[in-house]
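Worksheet: the structure to be examined is printed underneath.
The values are calculated or read from the model by the stated rules, or taken from the named source; none is laboratory data. Source: prediction; values computed, not measured. Cβ sites come from the backbone with ideal geometry, for glycine too, and all protein chains shown count toward neighbours. Areas reflect the complete protein model, heavy atoms only, side chains present, ligands, DNA and RNA absent. Shrake-Rupley method; radii C 1.70, N 1.55, O 1.52, S 1.80 Å.
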Amino acid sequence: MPAFEACLPITIHAGEGESPENIWQAAYHLHADRIGHGLTLTANPQLAARFRDRGICLELCPSSNREVVGFADPAFPASTGHPAYPLRDFIHAGLPLTLCTDNPGISRTTLAGEYLAAARMTPGGITLWEALALVRQAFVHAFLPSAEREILMKKSDQQVFAFMTGAQQ
Ligand SMILES: [Zn+2]
């Protein structure tokens with residue numbers, strides 16, 4: 001309640017190994033602006049549609065999900081035989097989506113490491129455009145006043161444009 005009273009933006013981690021009901025509770029009882037994991041969201045298409053319409057962003061955490069749920073990552077032979085990471089299902093579902101480290105201390109990872117993990121764990125890898133779209137969604141759904149967010153997005157868009165056109169300084 002103090003967080004709600006202070007109008008703080010809220011991320012709730014839900015649906016990593018639990019049913020979509022937990023994600024529903026995070027959205028409807030705890031007013032989450034962003035959801036960590038949300039891996040079972042696609043099992044409830046109605047809820048997924050609300051996430052698209054309300055712009056609730058999912059933060060997928062590939063390393064943590066491999067450790068906790070069990071997904072295949074070629075860099076970790078012990079994970080062989082586990083299911084493929086469903087990142088592309090979420091992209092195809094049109095959900096607001098980015099990547100996150102979850103607990104970098106426990107998973108011994110960095111944000112860049114999570115992009116590499118996502119690329120390894122997604123069948124066929126991820127394209128440069130998919131990676132850039134994930135990065136951009138992080139800015140779109142940043143917990144910042146809108147004026148600050150707009151400045152940040154313009155800066156990042158300029159950097160990406162310079163990078164893509166080979167004009168980076
Ligand atoms: Zn988490």
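Quick look at the numbers
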{"quantity": "Carbon and sulfur %, accessible surface of the stretch 47-138 computed with the full protein complex present, 1.4 Å", "calculated": "61"}
{"quantity": "Those residues of the stretch 1-26 whose amide nitrogen sits under 18 Å from the label point placed on D33, 7 Å along Cα→Cβ", "calculated": "1-14, 26"}
{"quantity": "Neighbour net charge for R66 - beta-carbon separation under 13 angstrom, K R +1, D E -1", "calculated": "-3"}
{"quantity": "Å² of accessible area per residue within the chain, as computed with a 1.4 Å probe and no ligands counted", "calculated": "56"}
{"quantity": "Per-residue [θ]222 nm for the chain (sum of -39500 (n - 2.57) over DSSP H runs n ≥ 4, rounded to 500)", "calculated": "-14000 deg cm²/dmol"}
{"quantity": "Debye, to nearest 20: dipole size of the chain, +1 on Lys, Arg Cβ, -1 on Asp, Glu Cβ", "calculated": "360"}
{"quantity": "Distance histogram for the stretch 1-57 (every C-alpha pair counted, 10 angstrom bins, percent rounded to whole numbers)", "calculated": "26, 56, 16, 1"}
{"quantity": "Cα principal axis extents for the chain, largest first, Å", "calculated": "45, 43, 32"}
{"quantity": "Sites A49 and I106 - FRET efficiency at Förster radius 35 Å, r taken between beta-carbons, to 0.05", "calculated": "0.60"}
